[in-house]
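Everything on this sheet refers to the single structure shown next.
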């Protein structure tokens, strides 16, 4: 996958609790606050970047800086959000 203009996306693997903390603080410095958060443990989508946080057992963060990838993840989030059910279906009697 290549970002617009032919440049490859930049990805960074941040290890340990310090790496997760770094990724979270970086999201606070994005030009506009992230609005699509699947879960604080999973995926944070910002303008031009995506931060993925692992489980506590694996203990790392992955940041992908790519406007195209961020847009793709934002679209996926919107589709999943619109398809989600807020109330469980009624059980048949």
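No value in this document is a laboratory result; all are computed from the given coordinates. Values in this document were obtained by computation on a predicted structure and should not be read as measured data. A quick note on method: Cβ atoms are made from the backbone with ideal geometry, for glycine too, and the neighbour counts reach across all protein chains shown.
Residue exposure proxy: 21, 93, ordered by other Cβ atoms within 10 angstrom of their Cβ from fewest to most, comes out as 93, 21. Ordering 91, 62 from the fewest to the most neighbouring beta carbons within 10 Å gives 91, 62. Annotation: the residues 81, 30, sorted from fewest to most other C-beta atoms within 10 Å of their own C-beta, follow the order 81, 30. Working from Cα pairs under 8 Å separated by at least six residues, relative contact order for segment 10-83 is 32 percent. One quarter of the convex hull surface built on the alpha carbon atoms of segment 10-83 amounts to 4.7 nm², the projected area averaged over directions.
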